[in-house]
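Okay, so here's the structure we're looking at.
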Amino acid sequence: MSYWEFLAEYLPKLASGALMTIGVMICATLLAAAISILFGLMRLSRNWAFQGPATVYIEFFRGTSLLVQLYWIYYVLPLMGLTLTPFVSGVLALGLNFGAYGAEIVRGGIQSVPRGQWEAARALNLSVSQQMRSIIIPQTFPIVLPPVANLTVELLKATALVALISAVDLMFVAKQINATTWLSAQTFGTALLIYYVMARIALIPFLRWLEVLAARKVGKA
Amino acid sequence: MMEWRWDFTFEILPRMLWATGNTLLAAGVGYLIAVVVGLVLMLGQRTPSRIINVLVREAVEFIRSTPLLVQLFFVFFVAPQFGIKLSAWNSAMLTIGLHFGTYLSEVYRGALEGVPKGQWEACRALNFSTAYTYRRVVLPQAFPIALPGMGNYLVGIFKETPLLATIGVAELMHTANALGAETYRYLEPYTMVGFIFLIISLPTAMGLRRLEAAVSRAQGNTHL
Amino acid sequence: MDTIHPQKIAQGGPLVRFADVTKSYGDLTVLDRLNLDIEQNEMVSIIGPSGSGKTTVLRVLMTLETINDGVIYVDGEPLTHMPKGTGLEFASEKYLRDRRSKIGMVFQQFNLFPHMTALQNCVEAPMKVLGLSRDQAEDRALDLLKLVGMEEKKDHHPSRLSGGQQQRVAIARALAMRPKVMLLDEVTSALDPEVIGEVLNVIRSLNSEHSLTMIMVTHQMGFAREISDRVCFFYEGKIAEQGTPDQLFDDPQNERTKQFLHAVLDAN
Ligand SMILES: Nc1ncnc2c1ncn2[C@@H]1O[C@H](COP(=O)(O)OP(=O)(O)OP(=O)(O)O)[C@@H](O)[C@H]1O
Ligand SMILES: [Mg+2]
């Protein structure tokens, strides 16, 4: 079987797997973003009731493995009466895991805004939430976006793990095809290429564009 | 609702601890390979030949932007297709070394670029050779810059080792899977894996932070 | 570029000669067919507006930048070029390493090595480049640290020194190589006003007691006037006017010089 024949036969299946990958990725990114902002701000709070839980959450999810978290959610939670589909388990594990890393980026970004900016904002008699919204947050974007871009690419790569709890994503389809054809080089090689295209041709340019946009907003471009 | 069983926990503990040893071994050996591969990949982007630099750069980008899990399967299944016998362990070490080598090459590159340009210029003004400039001035300053990144990837590799279970390396996750299949109890094995990871990676991360501070102090950069 | 034919510099000629030196970055010509001779033991100050190419003159002489055209001679020998057949070609790194030790430079931002003490900063190059023994190099470094008033802080790392102290160590480090020419690029610009004096005093003593050949870029007109044998006014990559300090400051001929001096002296 030539590579072209292989593609003609299996590319549609791989493409449908890739669609699932994109779905998991988008849902998990949204969840992770919400968690990052919430827990990043909590982590900065001087109130222990906020800071304590945020610290425990972040250290716990960064200290253990994504795969362990995924298995735990998919295999152990049902024993406690909570059964989730592979898709939901995958999104939940990815969102919780990457949210913990994202929260640290948010915290670092806010902390990197010079003290003088807070003081100037306070001198203008802005309320704390006004200081945050109109002075501090906009300045964090150019600082935060490059690490966020790296994290998002990592998240795309990590979606492959959902295949291990039988969500039918690109990796899962590739494993299936490999098991029936044993054309491993073609199968996994093509899967790698598709992941590469998704990351380099779609995701990264999009994230760079966001960075340029943010830099222009704060007058640093 | 399933109850936690302590007697079962202690029964499987020896096997879990033995598997922990394998996990640590995999992480350690994988890391050493990655440290060396990273160096090669970094130097490969600084050769006099532009073609080589571009090719290495593209290879690094490719490996960095595709999933470790897929690469693991690729190496493990494709090698036999070309008549190469690679055990699960060897495939795993090769893949981890390559994958994280690309990250470490970026750490090295960033560290070299983090040494101020003025340091290079001062060395030229003092007429140091390039090799001497690297050895005595640039590398000692680049090392503390590289250290946090190098430490992160040590912990990072450790946390990716559960993936090796998928090709049959007998590390922690693999053992937990096997115990689950034998006893139909998943609560204790998977939870224990989580805790073992936590007790190893949290102190390691803290220790690395201490080490960074100490190195940076020893280098005299009290303000860095 | 084609090979250039060397103009033989007569014995006893200038220590440094810029012959039609051109340096450009893309479309921007920063040095425009510059001609400049520096005599043995001369103290030359370079003044001029920002962007006129003052720093660039020093950087090309230190061989931190390559030039696009012309030749620079040091001690009668081409610095930027090496002999090839009857002409010259651009120097290789090896050739440059042979020549570079004749020139020393002090930077605006000091550029001390942060992981070495003051003494180590001064010992390193004499040992490794000039091949001195550790004892010889340390003797020399200690003498120089004493000269700049830093012998008591010899075991401090740069991060524990003030800007003025760092700059004095940087001067000692450059002197330890026994250069024939010292280049000083706005060595007091990054310093707090109260420590500028200590660095200027060091330069003063180098000039009066050690009659070192120096080229100094500065914005401190008073100091330039007091210490220089000659002042060059740079404008758009050329020397628009040069002369003794009295000539240039009291009786400038060029319109640009007059404007510049007005602006600077008014500002003070
Ligand atoms: N690496 C570079 N790339 C492009 N342009 C440069 C570079 N270095 C210097 N220039 C330009 O060359 C010109 C001369 O620079 P130079 O640093 O010699 O000026 P200067 O006279 O020392 O000015 P200042 O008083 O501000 O230090 C400037 O217009 C500068 O922008
Ligand atoms: Mg300048």
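The values are calculated or read from the model by the stated rules, or taken from the named source; none is laboratory data. Bear in mind that the values here come from a model prediction, so they are computed numbers and not experimental data. Cβ coordinates were reconstructed from backbone atoms using ideal geometry, including for glycine residues, and neighbour counts include every protein chain displayed. Note: accessible area is taken over every heavy atom of the protein model, side chains too, but ligands, DNA and RNA are not part of it. Shrake-Rupley method; radii C 1.70, N 1.55, O 1.52, S 1.80 Å.
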Inside the stretch A:79-95, the number of residues satisfying the requirement of being open to solvent by less than 40 Å² (accessible area, probe 1.4 Å) and either at the interface with chain B (Cβ under 9 Å from one of its Cβ atoms) or within 15 Å of the chain's Cα centre (by Cα) (or both) is 6
Only one of (1) assigned to a helix (DSSP H, G or I); (2) open to solvent by less than 10 Å² (accessible area, probe 1.4 Å) does not apply to C:Phe249, and that is (2)
Going by what's in this entry, would B:Thr102 be described as of a type in the set (S, T, N, Q), in contact with an Asp or Glu (Cβ under 9 Å, 6 or more places away or on another chain) and at pLDDT 90 or above? yes
In the set C:Leu61, C:Leu96, the lone residue that is within 16 Å of ligand 2 (Cβ to nearest atom), within 12 Å of chain B (Cβ to nearest Cβ) and out of contact with any Asp or Glu (no Cβ under 8 Å at 6 or more places or on another chain) is C:Leu61
Scanning the stretch C:201-232 residue by residue, those within 28 Å of B:Phe128 (Cα to Cα) and of a type in the set (A, V, I, L, M) turn out to be C:Val202, C:Ile203, C:Leu206, C:Leu212, C:Met214, C:Ile215, C:Met216, C:Val217
Reported set for the stretch B:80-121 where residues are over 23 Å from B:Gly44 (Cβ atoms), of a type in the set (Phe, Trp, Tyr) and either in contact with a helix residue (DSSP H, G or I) (Cβ under 6 Å, 6 or more places away or on another chain) or touching a residue at least 40 places away in the same chain (Cβ under 8 Å) (or both) is B:Trp89
Screening B:Ile157, B:Ile199, B:Ile167, B:Ile145 for residues that are modelled with pLDDT under 95 and open to solvent by less than 20 Å² (accessible area, probe 1.4 Å) leaves only B:Ile167
Tell me whether the stretch A:61-74 contains one or more residues that are at pLDDT 95 or above, within 29 Å of A:Tyr196 (Cβ to Cβ), loosely packed, with under 15 Cβ neighbours inside 10 Å and out of contact with any His (no Cβ under 6 Å at 6 or more places or on another chain). no
Taking the stretch C:227-246 and keeping only residues that are within 16 Å of ligand 2 (Cβ to nearest atom) and open to solvent by less than 20 Å² (accessible area, probe 1.4 Å), one is left with C:Cys232, C:Phe233, C:Phe234, C:Gly237
Residues of the stretch C:27-48 being open to solvent by 10 Å² or more (accessible area, probe 1.4 Å), under 16 Å from the mean Cα position of the chain (by Cα) and within 16 Å of ligand 2 (Cβ to nearest atom), in sequence order, are none
How many residues of the stretch A:33-50 are more than 21 Å from A:Ala149 (Cβ to Cβ) and open to solvent by less than 50 Å² (accessible area, probe 1.4 Å)? The answer is 3
Evaluate the stretch A:79-101: report whether one residue or more is part of a helix (DSSP H, G or I), at pLDDT 95 or above and in contact with a Lys or Arg (Cβ under 6 Å, 6 or more places away or on another chain).
yes
Does the stretch B:62-79 contain any residue that is facing chain A (nearest Cβ under 9 Å), touching a Ser or Thr at 6+ places or on another chain (Cβ under 6 Å) and free of Cβ contacts under 8 Å to residues at least 12 places away in the same chain? yes
Kindly check whether there is at least one residue in the stretch B:65-73 that is in a helix (DSSP H, G or I), modelled with pLDDT under 95 and either open to solvent by 40 Å² or more (accessible area, probe 1.4 Å) or of a type outside the set (A, V, I, L, M, F, W, C) (or both). no
Exception for B:Glu188 within (1) more than 7 Å from every other protein chain (Cβ to nearest Cβ); (2) open to solvent by 10 Å² or more (accessible area, probe 1.4 Å) falls at (2)
Test: B:Gly151 is under 11 Å from the mean Cα position of the chain (by Cα), open to solvent by less than 20 Å² (accessible area, probe 1.4 Å) and on the phi < 0 side of the Ramachandran plot
yes
Item to complete: Evaluate the following for C:Val71: is it away from ligand 2 (no atom under 16 Å from the Cβ) and under 19 Å from C:Met182 (Cα atoms)?
Response: no
The residue that is farthest from B:Leu172 (Cα to Cα), considering only those in the stretch B:15-51 that are open to solvent by less than 80 Å² (accessible area, probe 1.4 Å), assigned to a helix (DSSP H, G or I) and free of Cβ contacts under 8 Å to residues at least 24 places away in the same chain, is B:Gly28
Taking the stretch C:49-103 and the residues there that are touching a His at 6+ places or on another chain (Cβ under 8 Å) and modelled with pLDDT under 85, the one that is most open to solvent (accessible area, probe 1.4 Å) would be C:Thr86
Within the stretch C:186-217, restricting to residues that are open to solvent by 10 Å² or more (accessible area, probe 1.4 Å) and either of a type in the set (D, E, K, R) or modelled with pLDDT of 95 or more (or both), the one that is farthest from ligand 1 (Cβ to nearest atom) is C:Glu209
Using the structure shown, decide if C:Leu261 is closer than 15 Å to C:Ser45 by Cα, within 16 Å of ligand 1 (Cβ to nearest atom) and at pLDDT below 95. yes
Counting only helices (runs of 4 or more DSSP H) wholly inside the stretch A:131-221, the ones holding at least 3 residues that are surrounded by fewer than 18 Cβ atoms within 10 Å (Cβ to Cβ), more than 9 Å from chain B (Cβ to nearest Cβ) and modelled with pLDDT under 95 are A:137-158, A:170-181, A:204-217
